[in-house]
């Protein structure tokens with residue numbers, strides 16, 4: 001698999017991770033505003049959001065590494 005294919009695949013995965021992270025954050029914020037939310041449900045929502053956002057950041061870092069490697073190969 002060449003660099004462009006790897007980058008496209010990571011970009012696709014990043015888009016999905018971003019969408020999931022945004023949805024999880026919205027769910028977490030809704031839990032915070034919901035008067036009947038338990039502290040356990042708020043904690044679970046926060047952990048899910050943080051986990052998904054961590055995955056998004058990991059994918060962004062990997063895309064940056066590939067772009068850097070591609071730039072070094074062209075020099």
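Each reported figure results from applying straightforward, stated rules to the coordinates on display, with no laboratory input. Quick caveat: nothing in here was measured; it's all calculated off a predicted structure. Because the Cβ atoms are built from the backbone with ideal geometry, glycine has one as well, and the counts that use them run over all protein chains shown.
For an R0 of 30 angstrom, estimate the FRET efficiency from the Cβ-Cβ distance between residue 62 and residue 38 and round to the nearest 0.05.
Calculated value: 0.25.
Need one number: the % of Cα-Cα pairs in the chain sitting beyond the 15 Å mark.
61 percent
Taking the Cα atoms only, what angle lies between the long axis of helix 39-74 and the longest principal axis of the chain, rounded to 10 degrees?
Tilt relative to the chain: about 10 degrees.
If you line up the long axis of helix 3-33 against the longest principal axis of the chain, both from Cα atoms, how many degrees apart are they, to the nearest 10?
Tilt relative to the chain: about 10 degrees.
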